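Heads up: the structure comes next, in structure tokens.
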Amino acid sequence: MTASCLRRIIEVLCLLMLGAGPTVAQTYPVKPVRVIVPFPPGGAADIVARAITQEMGRAWGAQVVVDNRAGAGGLIGAEQAARAAPDGYTLLFASASPMTVSPHLAAKPPYHPLRDFTPIVLIGFSPNLIVVHPSLPARSMKDMIALARARPGQINYASNGVGTLSHLAMELVKYQARIDLVHVPYKGGAPAMVDTVAGHCSVFFAAYPTLSGQLKAGRLRALAVTSARRIALAPELPTVAEAALPGFEATQWWGAYGPVGLPADLVARLNADIGRALLTAEVKTRLAADGAEPGGGTPADLAAYLRTDYERWGKVVKASGIRAD
């Protein structure tokens, strides 16, 4: 046997010995994991993230820390996650806003949602409704659209602010229905709902738990749910898509991501572990309290949903000419 052959055999044996060792995913985590939430404490994204990270920490026997990095519609926190090392010790739990809306509104977005992150798992969905003040003679989406066509520029809608999902969802209604509604932005959902209940605005888009009390009291009337399918909390309500605008969907949702380059075995481990956390009674209860439904599925499922939603809101922003404040 020649010296070169012997050297080659030794190299192959070394490679085999290295391959037999534990993978990164098998030993992970060996130190605290930071989960960036790009919004202030107390919001829906933060509450959902804390419920899930508590289960993750319990399962791993390791510390999982929620790090709230708010600002610029979620761009600040998401950028930090995008720039982190792809080792699994910095993750991002984000709603649709910083991943599919805010990048379209910024003149120079600091990251690209489809290129600068590794999708891990879809966390959940929160149903939203389109409601009207009882003074508006509309009992269905078709009624509301017909009224808007008969009164162009005379019916207004409230939103939580420029560039929020409540703003863009109604712009999507306008875009698909080809109607002219007047936007009245507020500094948050509470004042927007108060003025809609008072009759100062005619139409509003918000989460079901926020609206349920007003609906039961008859101070607002629900026309449709904005998700792709009907919801268990209000099964009698049709979706916007089935009621009037085929293909319509405007859902608040959350996903878990890592920086681009996260190893495939670690992505699979995180997908499985977060998926198991979504099935626990504690997380299900927390989501249900906000009228939300758990997600799940593969990283490819999240990637596909992210792309679809990103392209959807890009069209709406372009058509409406919306820009960040």
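Positive end of the dipole of the chain (Cβ unit charges, origin at the Cα centre): among 78, 321, 93, the Cα lying farthest that way belongs to 321. Magnitude of the charge dipole for the chain, about its Cα centre and with charges confined to Cβ atoms of Lys, Arg (+1) and Asp, Glu (-1), is about 380 debye.
Region 85-128: D in µm²/s via Stokes-Einstein (Kirkwood Rh, Cα pairs, 25 °C, 0.890 mPa s)?
On the way: Rh = 12.2 Å.
Estimated via Stokes-Einstein, D reaches 201 µm²/s.
More than 19 angstrom separation, counting every C-alpha pair in region 143-296; what % is that? Of the Cα pairs, 62 percent sit more than 19 Å apart.
Do any of 108/174; 174/216; 187/284; 142/174; 31/284 go past 24 Å between their Cα atoms, and which? Kindly include the intermediate steps, with their values, before the conclusion.
Values: 108/174 27 Å; 174/216 27 Å; 187/284 30 Å; 142/174 13 Å; 31/284 27 Å.
Over 24 Å apart, Cα to Cα: 108/174; 174/216; 187/284; 31/284.
Per-residue surface analysis assigns residue 273 an accessible area of about 20 Å², computed on protein heavy atoms at 1.4 Å probe radius. DSSP assigns beta bridges within the chain; of those with both partners inside it, close to 60 percent run antiparallel. Rounded to the nearest 10 degrees, the angle from helix 3-19 to the longest Cα principal axis of the chain is 40 degrees. Roughly to the nearest percent, how much of the accessible area of the chain is carbon and sulfur, given a 1.4 Å probe? Whole-percent figure for carbon plus sulfur exposure: 57.
When ligands, DNA and RNA are left out and all protein chains stay put, how many square angstrom of accessible area per residue does the chain have with a 1.4 Å probe? Please list the in-between numbers first.
Values: 14740 Å² over 325 residues.
Per residue, the chain has an accessible area of 45 Å².
Mind checking the log10 I(q)/I(0) for region 93-201 at q = 0.10, 0.19 Å⁻¹? Debye, one equal scatterer per Cα, no solvent, two decimals. After summing over all Cα pairs, the log10 values are -0.37, -1.04.
Counting only protein chains, not ligands or nucleic acids, how are 260, 203 ordered by accessible area (probe 1.4 Å), most first? Each step should come with its number before you reach the end.
Working: 260 75, 203 0 Å².
So, going from the largest accessible area down, we get 260, 203.
Step by step: find N for region 228-325, compute 2.2 N^0.38 Å, then divide the Cα radius of gyration by it. What's the final number?
Numbers: Rg = 16.5 Å, N = 98, 2.2 N^0.38 = 12.6 Å.
My calculation over the Cα atoms of region 228-325 gives 1.32.
Stokes-Einstein diffusion for region 141-227, with the hydrodynamic radius set to the Kirkwood value over Cα pairs and evaluated at 37 °C in a medium of 0.692 mPa s, equals 252 µm²/s. Ligands, DNA and RNA excluded, the heavy atoms of residue 322 present near 10 Å² of accessible surface to a 1.4 Å solvent probe. Within the full protein context, the accessible area of residue 27 is estimated at about 70 Å² for a probe radius of 1.4 Å. The fraction of all Cα pairs in region 218-283 landing in successive 10 Å bins from 0 to the largest distance is 17, 28, 25, 23, 6, 0, given as whole percents. Which Cα, out of 184, 155, 120, lies furthest along the positive dipole direction of region 71-225 (beta carbon charges, K/R +1, D/E -1)? Most positive-ward Cα: 155.
Shown here: region 16-166, whose C-alpha atoms stretch 75, 34, 30 Å along the first, second and third principal axes, sorted largest to smallest.
Ellipsoid semi-axes for region 188-235, based on the Cα gyration tensor and the rule √(5λ), read 19, 11, 10 Å when sorted largest first.
Ordered from highest to lowest accessible area with the whole protein assembly present and a 1.4 Å probe, 31, 174 read as 31, 174. Between the amide H of residue 68 and those of 37, distances stay under 5 Å, these residues lying 5 or more places away or on another chain, with hydrogens modeled in the peptide plane. Over all pairs of different C-alpha atoms, the chain has a mean inverse distance whose reciprocal, the Kirkwood radius, equals 21.2 Å.
The values are calculated or read from the model by the stated rules, or taken from the named source; none is laboratory data. Fair warning: this is a prediction, and the values are worked out from it, not measured in the lab. Methodologically, a virtual Cβ is constructed for each residue, glycine included, from the backbone with ideal geometry; neighbour enumeration extends over all protein chains shown. The protein model used for the area step is the full one, side chains on, heavy atoms only, and it has no ligands, DNA or RNA in it. Shrake-Rupley method; radii C 1.70, N 1.55, O 1.52, S 1.80 Å.
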